[in-house]
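The structure appears below as structure tokens.
The values are calculated or read from the model by the stated rules, or taken from the named source; none is laboratory data. In this text, all values refer to a predicted model and were calculated from it rather than measured experimentally. All Cβ positions, even for glycine, are placed from backbone atoms using ideal geometry, and neighbour counts span all protein chains on display. Heavy atoms of the whole protein, side chains included, go into the accessibility calculation; ligands, DNA and RNA do not. Shrake-Rupley method; radii C 1.70, N 1.55, O 1.52, S 1.80 Å.
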Amino acid sequence: MSKAKLEFILDISSQNPPPENASPAMMREWFEGLNAETPTAVGSIIERVPAGPCGGDLIRRDETDESRLVIYYHGGGFFFGSSRSHRVIATHLARASGALVLAADYRLAPEYPAPAAHDDAFAVYRWALAQGHDPAAIALTGDSAGGNLALSVAVRAKKESLPQPGALVLMSPALDLASEGASHRSVTDAPLLTPQLMEFFTAVYVSTGDRKAELVTPFYSDFTGLPPTLVQVGSWEVLRDDSVTLVERLKAAGGSAELSIFEGMVHSWQLFAPMLEEGMQSIEEAGGFLHNHLRCGAQRRIAV
């Protein structure tokens, strides 16, 4: 493990704390600034497309197999983050998977509380299907809140009799919004995403609503018939047991699910991929999983 590198990154991050008494807009500007200088994968070609209500960044490379599409939902607690802030993950997923990657944007709380983000995420999948992509050649991916969205889209697609995607890749999905898992209480020293910050995110998005409702989390859903799924999580994060429990439930429902626990890693360590070996290892593993599980379809170019 690159312990020294991780400690260095966390130390640098601690020197740029969020502004006090900031508005949501100010907090988002701070978050975007943290990630603005992170280098993206060399050779990435990025263009804006009208995917869903908020659009998204379509990422391709010269060698991209355009018959395969990976939809990526960014993290940020439903409160901040964007296709731009998480571009390091999305561009390296495009490189590692060999597929098109659509980094989707969605409405954020508190201006747009639940289920706005979930509705937008589902609309992006419907848009991709309407573009003519073979569902077996589409993957749904996401980190943290984005992992929640990716899984929720698959569950909702089944309920609405839409075809399932070919694969799911979930990076530290934020699913246990009721904080019932043991790690929500035992991993109190985890940096970046603390129990207090998790509570803030949930309160902002869910407010006084039911934290176990499918409108805000698919954690308690029927998982029968979902596609092959890879779930990644760090051992040193509050959301660890969200992933452990999810994989147990997916397998109990007869699904194919893999759990990859990265020892010593913190929440959203993939954002440090260019500087942290384990960050790149996570993306490479995800890319390989997607390459192996997505079917090749007819070549098509998404209109912009």
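Here are the numbers for this structure:
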read-out	value
Index of the failed condition, Y112 passing every other in (1) hydroxyl-bearing (S, T, Y); (2) part of a helix (DSSP H, G or I); (3) out of contact with any helix residue (DSSP H, G or I) (no Cβ under 7 Å at 6 or more places or on another chain)	(2)
Test: residue in the stretch 89-96 that is modelled with pLDDT of 95 or more, in contact with a Ser or Thr (Cβ under 6 Å, 6 or more places away or on another chain) and small (G, A, S)	no
Pair list, Cβ < 6 Å and 6+ apart or interchain, from the stretch 269-292 residues that are surrounded by fewer than 18 Cβ atoms within 10 Å (Cβ to Cβ) to residues that are outside any loop (DSSP other than H, G, I, E, B)	E284/A96; H291/S97
Residues located in the stretch 1-13, provided they are in contact (Cβ under 8 Å) with a residue 24 or more places away in the chain, part of a helix (DSSP H, G or I) and small (G, A, S)	S13
Selection count where residues are assigned to a loop (DSSP other than H, G, I, E, B) and open to solvent by 60 Å² or more (accessible area, probe 1.4 Å), scope the stretch 158-210	9
Verdict on V233 being assigned to a strand (DSSP E or B) and either under 23 Å from A4 (Cβ atoms) or at pLDDT below 95 (or both)	yes
Any hit, the stretch 225-235, residues being in contact (Cβ under 8 Å) with a residue 60 or more places away in the chain and hydroxyl-bearing (S, T, Y)	yes
Candidate set from the stretch 47-90 (those that are assigned to a strand (DSSP E or B) and of a type in the set (D, E, K, R)); member that is surrounded by the fewest Cβ atoms within 10 Å (Cβ to Cβ)	E47
Residue in the stretch 146-156 that is at positive phi, in contact (Cβ under 8 Å) with a residue 24 or more places away in the chain and surrounded by 23 or more Cβ atoms within 10 Å (Cβ to Cβ) present	no
Which numbered condition L250 fails, given (1) part of a loop (DSSP other than H, G, I, E, B); (2) free of Cβ contacts under 8 Å to residues at least 40 places away in the same chain; (3) buried (at least 16 other Cβ atoms within 10 Å of the Cβ); (4) among the aliphatic types (A, V, I, L, M)	(1)
Hey, G255 without any contact (Cβ under 8 Å) to a residue 60 or more places away in the chain and touching a helix residue (DSSP H, G or I) at 6+ places or on another chain (Cβ under 6 Å) or not	no
